[in-house]
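First comes the structure, then the notes that go with it.
The values are calculated or read from the model by the stated rules, or taken from the named source; none is laboratory data. Please read these numbers as outputs of a predicted model, since none were measured by experiment. Positions of Cβ are backbone-derived with ideal geometry, glycine not excepted, and every protein chain shown enters the neighbour counts. Note: areas computed on protein heavy atoms with side chains; ligands, DNA, RNA excluded. Shrake-Rupley method; radii C 1.70, N 1.55, O 1.52, S 1.80 Å.
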Amino acid sequence: MNILLIEANQKLYESKGELNHSLCAQAKKYLSKAENQVTVSCISKGDWNIQEEISKLKQADLIIYHFPLWWFGTPSVLKKYFDEVLQHREIFVMTEIYGEGGLLKGKKFMISVTSNMSKSDLGNAPIMKKIKDIDEILIQIILTNKYIGIREQLPTFHSDNVIKGDTNELDSNYRQHLQNIAL
(Lines give C-alpha, C1' and ligand atoms only; values in the text may rest on other atoms or scores of the structure.)
Protein backbone atom coordinates (compact mmCIF):
# COMPACT_ATOMS: atom_id res chain seq x y z
CA MET A 1 0.00 0.00 0.00
CA ASN A 2 1.21 3.52 -0.82
CA ILE A 3 0.72 5.73 2.23
CA LEU A 4 1.16 9.49 2.25
CA LEU A 5 1.62 11.18 5.62
CA ILE A 6 0.96 14.91 5.53
CA GLU A 7 2.49 16.75 8.48
CA ALA A 8 1.27 20.27 9.23
CA ASN A 9 2.83 20.97 12.62
CA GLN A 10 3.01 24.74 12.77
CA LYS A 11 4.29 26.53 15.85
CA LEU A 12 2.10 28.97 17.75
CA TYR A 13 2.22 30.33 21.30
CA GLU A 14 3.51 27.55 23.58
CA SER A 15 2.95 24.94 20.88
CA LYS A 16 6.18 23.94 19.19
CA GLY A 17 4.60 21.46 16.77
CA GLU A 18 6.51 18.60 18.35
CA LEU A 19 3.51 16.40 19.18
CA ASN A 20 2.25 16.24 15.60
CA HIS A 21 5.78 15.67 14.36
CA SER A 22 6.13 12.82 16.86
CA LEU A 23 2.82 11.29 15.75
CA CYS A 24 3.82 11.49 12.10
CA ALA A 25 7.18 9.85 12.88
CA GLN A 26 5.36 7.16 14.87
CA ALA A 27 3.04 6.48 11.93
CA LYS A 28 5.97 6.27 9.52
CA LYS A 29 7.80 3.84 11.77
CA TYR A 30 4.76 1.64 12.39
CA LEU A 31 3.46 1.68 8.80
CA SER A 32 6.83 1.06 7.11
CA LYS A 33 6.30 -2.63 6.56
CA ALA A 34 7.59 -4.59 3.60
CA GLU A 35 4.29 -4.27 1.73
CA ASN A 36 3.92 -0.52 2.38
CA GLN A 37 5.61 2.42 0.74
CA VAL A 38 5.41 5.36 3.17
CA THR A 39 6.06 8.94 2.03
CA VAL A 40 6.02 12.01 4.25
CA SER A 41 5.15 15.52 3.09
CA CYS A 42 6.13 17.95 5.82
CA ILE A 43 4.31 21.09 4.76
CA SER A 44 4.89 23.02 7.98
CA LYS A 45 7.21 25.61 6.42
CA GLY A 46 4.71 26.39 3.68
CA ASP A 47 6.93 25.51 0.75
CA TRP A 48 6.33 22.58 -1.57
CA ASN A 49 6.52 21.61 -5.20
CA ILE A 50 2.93 21.55 -6.42
CA GLN A 51 3.49 18.94 -9.15
CA GLU A 52 5.36 16.64 -6.74
CA GLU A 53 2.54 16.91 -4.21
CA ILE A 54 -0.07 16.20 -6.90
CA SER A 55 1.91 13.12 -7.89
CA LYS A 56 2.11 11.95 -4.26
CA LEU A 57 -1.65 12.35 -3.83
CA LYS A 58 -2.35 10.42 -7.04
CA GLN A 59 -0.01 7.58 -6.04
CA ALA A 60 -1.31 7.24 -2.48
CA ASP A 61 -3.80 4.58 -1.47
CA LEU A 62 -4.12 6.15 1.98
CA ILE A 63 -3.50 9.74 3.12
CA ILE A 64 -3.07 10.49 6.83
CA TYR A 65 -3.19 14.12 7.92
CA HIS A 66 -1.33 15.14 11.11
CA PHE A 67 -2.11 18.59 12.49
CA PRO A 68 -3.16 20.55 15.56
CA LEU A 69 -6.70 21.86 15.79
CA TRP A 70 -6.53 25.65 15.62
CA TRP A 71 -9.61 27.79 16.04
CA PHE A 72 -11.80 24.75 15.30
CA GLY A 73 -10.10 24.03 11.99
CA THR A 74 -6.89 23.13 10.26
CA PRO A 75 -3.78 25.31 10.54
CA SER A 76 -3.45 27.91 7.79
CA VAL A 77 -0.57 26.02 6.16
CA LEU A 78 -2.84 23.03 5.48
CA LYS A 79 -5.51 25.27 4.00
CA LYS A 80 -2.82 26.90 1.81
CA TYR A 81 -1.66 23.41 0.74
CA PHE A 82 -5.22 22.53 -0.31
CA ASP A 83 -5.62 25.85 -2.14
CA GLU A 84 -2.42 25.34 -4.14
CA VAL A 85 -2.18 21.58 -4.61
CA LEU A 86 -5.80 20.52 -5.18
CA GLN A 87 -5.71 21.67 -8.78
CA HIS A 88 -8.64 21.70 -11.20
CA ARG A 89 -8.22 19.04 -13.91
CA GLU A 90 -5.51 17.32 -11.82
CA ILE A 91 -7.38 16.46 -8.61
CA PHE A 92 -10.98 17.31 -9.53
CA VAL A 93 -13.13 18.45 -12.43
CA MET A 94 -16.42 20.32 -12.49
CA THR A 95 -19.51 18.17 -12.99
CA GLU A 96 -23.25 18.64 -13.28
CA ILE A 97 -23.66 17.26 -9.75
CA TYR A 98 -21.68 19.32 -7.25
CA GLY A 99 -18.86 17.41 -5.62
CA GLU A 100 -18.91 14.42 -7.95
CA GLY A 101 -15.84 15.36 -10.00
CA GLY A 102 -13.15 14.11 -7.63
CA LEU A 103 -10.35 12.32 -9.44
CA LEU A 104 -8.84 10.57 -6.39
CA LYS A 105 -11.47 7.83 -6.16
CA GLY A 106 -10.69 4.51 -4.50
CA LYS A 107 -8.41 6.01 -1.85
CA LYS A 108 -8.81 6.34 1.91
CA PHE A 109 -7.95 9.10 4.35
CA MET A 110 -7.47 9.43 8.07
CA ILE A 111 -7.06 12.40 10.39
CA SER A 112 -4.70 12.53 13.36
CA VAL A 113 -5.44 15.73 15.27
CA THR A 114 -4.18 17.18 18.52
CA SER A 115 -6.18 19.70 20.54
CA ASN A 116 -6.29 21.36 23.90
CA MET A 117 -9.96 20.58 24.41
CA SER A 118 -10.95 17.58 26.46
CA LYS A 119 -12.99 14.86 24.76
CA SER A 120 -15.49 15.40 27.58
CA ASP A 121 -15.98 18.99 26.31
CA LEU A 122 -17.71 17.59 23.22
CA GLY A 123 -21.44 17.81 23.93
CA ASN A 124 -20.84 19.43 27.32
CA ALA A 125 -18.93 22.71 27.05
CA PRO A 126 -21.42 25.54 26.50
CA ILE A 127 -20.12 26.37 23.00
CA MET A 128 -20.15 22.70 21.99
CA LYS A 129 -23.49 21.48 23.38
CA LYS A 130 -24.60 20.20 19.97
CA ILE A 131 -21.20 18.82 18.92
CA LYS A 132 -20.87 15.20 19.95
CA ASP A 133 -17.85 14.05 17.95
CA ILE A 134 -14.52 15.55 16.85
CA ASP A 135 -15.40 14.82 13.21
CA GLU A 136 -18.20 17.38 13.44
CA ILE A 137 -15.53 20.00 14.10
CA LEU A 138 -13.31 18.59 11.33
CA ILE A 139 -16.06 18.70 8.70
CA GLN A 140 -14.11 21.07 6.40
CA ILE A 141 -11.22 18.65 5.86
CA ILE A 142 -13.62 15.69 5.66
CA LEU A 143 -15.72 17.37 2.96
CA THR A 144 -12.57 18.48 1.10
CA ASN A 145 -11.45 14.86 0.85
CA LYS A 146 -14.89 13.71 -0.27
CA TYR A 147 -15.01 16.50 -2.86
CA ILE A 148 -11.74 15.31 -4.43
CA GLY A 149 -13.07 11.73 -4.55
CA ILE A 150 -11.67 10.23 -1.33
CA ARG A 151 -14.89 8.97 0.21
CA GLU A 152 -13.60 6.35 2.64
CA GLN A 153 -12.55 7.82 5.98
CA LEU A 154 -10.77 5.71 8.57
CA PRO A 155 -11.50 6.52 12.25
CA THR A 156 -10.02 9.82 13.44
CA PHE A 157 -7.31 9.82 16.10
CA HIS A 158 -7.92 12.72 18.49
CA SER A 159 -5.27 13.41 21.08
CA ASP A 160 -6.99 15.76 23.45
CA ASN A 161 -5.91 17.99 26.33
CA VAL A 162 -2.35 18.19 24.98
CA ILE A 163 -1.26 21.40 26.67
CA LYS A 164 -2.75 20.78 30.12
CA GLY A 165 -2.68 17.00 30.09
CA ASP A 166 -0.19 14.18 30.22
CA THR A 167 1.14 13.29 26.76
CA ASN A 168 3.47 10.49 27.88
CA GLU A 169 1.20 7.83 26.38
CA LEU A 170 0.57 9.66 23.13
CA ASP A 171 2.84 7.58 20.89
CA SER A 172 1.61 4.25 22.27
CA ASN A 173 -2.04 5.39 22.04
CA TYR A 174 -1.52 6.33 18.40
CA ARG A 175 0.23 3.06 17.60
CA GLN A 176 -2.72 1.22 19.23
CA HIS A 177 -5.14 3.26 17.11
CA LEU A 178 -3.27 2.29 13.93
CA GLN A 179 -3.27 -1.37 15.03
CA ASN A 180 -7.00 -1.25 15.79
CA ILE A 181 -7.83 -0.13 12.26
CA ALA A 182 -5.55 -2.84 10.87
CA LEU A 183 -2.94 -0.68 9.19
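Of note:
- Every condition in (1) open to solvent by less than 70 Å² (accessible area, probe 1.4 Å); (2) under 24 Å from I54 (Cα atoms) is met by K146 except one, and the failing one is (1).
Okay, residues lined up against (1) more than 15 Å from S159 (Cα to Cα); (2) in contact with a His (Cβ under 8 Å, 6 or more places away or on another chain):
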residue	(1), (2)
P68	no, no
E84	yes, no
R89	yes, no
L103	yes, no
V113	no, yes
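- Restricted to the range 141-183, and to residues there that are among the small types (G, A, S) and within 30 Å of E100 (Cα to Cα), the residue that is modelled with the highest pLDDT is G149.
- Checked against (1) within 16 Å of the chain's Cα centre (by Cα); (2) open to solvent by less than 20 Å² (accessible area, probe 1.4 Å), G99 passes all but a single condition, namely (1).
- Candidates are the residues of the range 113-128 that are in a loop (DSSP other than H, G, I, E, B) and without any contact (Cβ under 8 Å) to a residue 12 or more places away in the chain; the one that is most open to solvent (accessible area, probe 1.4 Å) is N124.
- A Cβ distance below 6 Å, combined with a sequence gap of six or more or placement on separate chains, defines the contacts here; from the range 38-55, residues that are within 13 Å of F82 (Cα to Cα) and open to solvent by 50 Å² or more (accessible area, probe 1.4 Å) reach residues that are aliphatic (A, V, I, L, M) and not in a loop (DSSP other than H, G, I, E, B) in the pairs I50/V85.
- Residue match in the range 49-58 (condition: more than 20 Å from D135 (Cα to Cα), assigned to a loop (DSSP other than H, G, I, E, B), at pLDDT 95 or above and not hydrophobic (A, V, I, L, M, F, W, C)): yes
- Hey, Y81 in contact (Cβ under 8 Å) with a residue 40 or more places away in the chain and more than 27 Å from S172 (Cα to Cα) or not: yes
- Residue satisfying condition, being farther than 24 Å from V77 by Cβ and either more than 14 Å from the chain's Cα centre (by Cα) or not in a loop (DSSP other than H, G, I, E, B) (or both), within set I131, I163, I141: I131
- One residue stands out in the range 166-183 among those that are touching a residue at least 40 places away in the same chain (Cβ under 8 Å) and in a loop (DSSP other than H, G, I, E, B): the one that is surrounded by the most Cβ atoms within 10 Å (Cβ to Cβ), namely L183.
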